There are 2 protein chains.
Amino acid sequence: MTVTIYDVAREAGVSMATVSRVVNNNPNVKPQTRKKVYEAIERLGYRPNAVARGLASKKTTTVGVVIPDIANANFAEVARGIEDIANMYHYNIILCNADKRKEKEIRVINTLLEKQVDGLLFMGGVVTDEHIQAFNTSNVPIVLCATTDEKGTMPSVDIDHETAAYDAVRKLIGEGHTRIAMISGTLQDPANGYARYQGYKRALEESGIALDESLVRVGNYRYESGIEAVQYFLELGERPTAVFAATDEMAIGAIHGIQDAGLSVPEDFSVIGVDNIRMASMVRPLLTTVAQPMYDIGAVSMRLLTKLMKKENVEQARVTLHHELIVRNSVAPRG
Amino acid sequence: MTVTIYDVAREAGVSMATVSRVVNNNPNVKPQTRKKVYEAIERLGYRPNAVARGLASKKTTTVGVVIPDIANANFAEVARGIEDIANMYHYNIILCNADKRKEKEIRVINTLLEKQVDGLLFMGGVVTDEHIQAFNTSNVPIVLCATTDEKGTMPSVDIDHETAAYDAVRKLIGEGHTRIAMISGTLQDPANGYARYQGYKRALEESGIALDESLVRVGNYRYESGIEAVQYFLELGERPTAVFAATDEMAIGAIHGIQDAGLSVPEDFSVIGVDNIRMASMVRPLLTTVAQPMYDIGAVSMRLLTKLMKKENVEQARVTLHHELIVRNSVAPRG
DNA sequence: CTGTTAGCGCCTTCAT
DNA sequence: ATGAAGGCGCTAACAG
């Protein structure tokens, strides 16, 4: 049924070892022999069995990527960065989704490890002690991609979320706003949640603006929660004039919530987000936001992983990439 | 270094076979023995090696999913359907992206086959003869998911794109529109391209509306091409009053292009799309569109694949799921 | 209910 | 430059 290396060897009149060599591009094969083997492979339609190869060589040349949330808009771009570098180093990558459920994330990590991947990328979710515990059972390197662990013990590639938020709010303050609301993520989320909230607080503090807790709403990162938050803000006695959303998707919800109430962005209300998802350019007005270098986050984390897999020594295992304010049309000076 | 089934056997004072049995939930093990083995596993931190297991059993309990375009908005929802069913049948799924490049799609298919997946899902891309040829070298079942091959030789799960387009255009006609433009996909794409164009033509024909080729623009499925198309329409002497876009993303581009020109949707211009991507509800006005049952497409195709993998006999290997018109706010009667 | 024994398809020394 | 042979870690009959 299935044709094996042995069949090819017989067909070509050589030994299995030789076939193995040509399949693996080992230079120690006479060109003529190589040709014979290739012909036999062609004739028989031989396809190497990666499972057997993995068992024998103890390497699978594949890295597993766990995606806590496949619907996350950042994901595709990060994945592209990962893949480009992976291809460059001849690794296959396999993606596994975990639906944002911690239990499933752990399960997926274990599945990938059982499959003997040569390395693991954990992308953009919250990293708990349970995760760390699962990571610790691994004897292949793991790097966090677009996230970090609080303790800072794992290799990781991410931006400085606190400063990103800080810069966004500074932009609003720079335009003269003082009543600045925030639509936050859950504060249990260190990166997209807590850190961004801290950045908001710091920017206000530095400008001598008192923090007004009634101006902070916790959302769930989704569009709808942006709408809800803004509806709440609009009913406040003393309305804010600007809102900082911890993610673009919530920022876009905010824009629409404001527009649905008959107000205009940015004339009546300025809105700024973080992430620079593709949709930020697919909304009216175009969203002003702080861009994360998604592609680079993916590329750099994969590059870091290749080094770790090759046991090259890396100077800096926690890298922080730069974010950038993207000025578009959703922020205006206070009227 | 790595602990194997053999180590566990020694530690528990049983044979490898017994350890294998408990790991695989074979009922033929005395509870007491089972307990001993579990304890040994715990003590040693044993993790089964899926590669070795795959080689020995000739099954990997994993199915590969090739994703021609990871940025495609439908993808996440389809993937969710696939996964839910896969979990139900205890299959792991591994995703492989191919960046919409045919050459890479073929490569990914081969990689997955080399990895000895038990089945393959090819999701939503154009299926060429080269694809078919690659599929034919497989000795595991393959099903097309959210796409079909022209010849109709492969198992597949999809909607009827021609009728979906037809229904969308009928809706426009029902509202009194007669000058109806279309933003099409590339006509080489049988499903999202050609079939939807055919549906457009049929709807016009049936209503006695002459096809005006100047009202058809070919886009590339992306937002920007929706904007461009509509800019072109707006410069026409006799403007259309409604536009049918072959995909929601182009439809949303159309909405914004119209708005950017100072006109209103749907007052000045009706817009309808196909797909019902999540963003269709994240735009103003909300997009009227024809919904594809993405989750179901994923779920049904995975279910079909499980049957094929178990060699159960399936009555109908090409299934067509129903689409549905979702009336929202982007279509109005002709003014 | 448990142990023994062959492989699964390939890589990898070690000879030659 | 090539071949022979011993595993890699596990499953699957087959015996008992």
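Set against the 2.2 N^0.38 Å expectation for a compact globular protein, the stretch B:1-84 has a Cα radius of gyration ratio of 1.54.
Express in % the proportion of alpha carbon pairs of chain A at distances exceeding 25 Å. Looking at chain A, the distances longer than 25 Å represent 58 percent of pairs. The loop-placed trypsin sites (Lys or Arg not before Pro) in the stretch B:217-315, going by DSSP, that have at most 12 neighbouring Cβ atoms within 10 Å of their Cβ come out as B:LYS310, B:LYS311. Taking only the Cα atoms of the stretch A:107-146, the radius of gyration and Dmax are 9.4, 24 Å. Label-point spacing at B:ILE132 relative to the other copies reads 5.6 nm, in ascending order, each point sitting 7 Å out from Cα along Cα→Cβ.
Modelled spin labels at A:VAL314 and A:ASP268, positioned 7 Å past Cα toward Cβ, are 4.9 nm from each other. In this structure, B:MET1 and A:GLU114 have a Cβ-Cβ separation that, at R0 = 22 Å, corresponds to a calculated FRET efficiency of about 0.85. Temperature 4 °C, viscosity 1.567 mPa s: under these conditions the Stokes-Einstein estimate for the stretch A:1-141, based on its Kirkwood radius over C-alpha pairs, is 74 µm² per second. Of the two radii for the stretch A:263-324, the radius of gyration is 1.24 times the Kirkwood radius, both from the alpha carbons; that is the Rg over Rh value. Each other copy holds its own label point for A:ILE326; taking that point as 7 Å from Cα along Cα to Cβ, the gaps run 2.5 nm, nearest first.
For A:PRO27, the label point sits 7 Å beyond Cα toward Cβ; its separations from the matching points on the remaining copies run 6.0 nm, from shortest to longest. Per the accessible-area calculation with a 1.4 Å probe, the total area buried between chain A and chain B rounds to 4500 Å². Entry note: the stretch A:227-335 has Rg to Rh equal to 1.18, where both radii use alpha-carbon atoms and Rh is the Kirkwood radius.
Residue-wise HN-Hα couplings along the stretch A:50-56, as the Karplus relation 6.51 cos²θ - 1.76 cosθ + 1.60 with θ = phi - 60° gives them from phi, are 5, 5, 4, 4, x, 5, 6 Hz; Gly and Pro carry x.
Its Cα centre serving as origin, the protein assembly as shown has a Cβ charge dipole (Lys and Arg +1, Asp and Glu -1) of approximately 3300 debye. Calculate I(q)/I(0) for the stretch A:173-256 by the Debye formula, one identical point scatterer on each C-alpha and no solvent, and give its log10 at q = 0.17, 0.23 Å⁻¹ to two decimals. Taking Cα atoms of the stretch A:173-256 as identical point scatterers yields -0.62, -1.12.
For the segment B:87-94, counting C-beta atoms of other chains within 10 Å of every residue's C-beta and taking the mean gives 3.
For the stretch A:102-170, the equivalent ellipsoid built from the Cα gyration tensor has semi-axes of 27, 11, 10 Å, listed from largest to smallest.
By the helix-only formula, in which each DSSP H run with n ≥ 4 contributes -39500 (n - 2.57) and the sum is divided by residues, chain A has a 222 nm mean residue ellipticity of -13000 deg cm²/dmol. With both labels modelled 7 Å from their Cα along Cα-to-Cβ, the A:LYS100 to B:ARG222 distance reads 2.8 nm. Entry note, the stretch A:20-102: relative contact order of 28 percent, from Cα contacts under 8 Å with a spacing of 6+ residues. The mean number of partner chain beta-carbon atoms within 10 angstrom of a residue's beta-carbon across peptide A:51-59 is 5.
Once the convex hull of all Cα atoms in the stretch A:54-103 is built, its volume per residue stands at 72 Å³. By DSSP, the beta bridges lying fully in the protein assembly as shown are antiparallel in about 10 percent of cases. Note that the stretch B:148-213 carries a Kirkwood radius of 12.5 Å, evaluated over its alpha carbons pair by pair.
Cross-link pairs exceeding 31 Å between alpha carbons, from the set A:LYS310/B:LYS35; A:LYS36/B:LYS104; A:LYS310/B:LYS307; A:LYS36/B:LYS307: A:LYS310/B:LYS35; A:LYS310/B:LYS307; A:LYS36/B:LYS307. Taking only C-alpha pairs under 8 Å that are 6+ residues apart, what is the relative contact order of chain A in percent? RCO, chain A: 17 percent.
The Cα center of the stretch A:1-69 and the Cα center of the stretch A:152-187 differ in position by 52 Å. Exposed loop sites here mean GluC sites (Glu not before Pro) with a DSSP loop assignment and at most 11 other beta-carbon atoms within 10 Å; chain B contains its longest site-free run at B:1-234.
Report the far tail of the P(r) of the stretch B:150-289, meaning the percent of Cα-Cα pairs longer than 25 Å. Across the stretch B:150-289, Cα pairs with separations above 25 Å total 19 percent.
The values are calculated or read from the model by the stated rules, or taken from the named source; none is laboratory data. This is a predicted model, so every value here is computed, not measured. Virtual Cβ from ideal backbone geometry, glycine too; neighbours counted across all protein chains shown. For the accessible areas, the whole protein counts, side chains as well, though only heavy atoms, and no ligand, DNA or RNA atoms are used. Shrake-Rupley method; radii C 1.70, N 1.55, O 1.52, S 1.80 Å.
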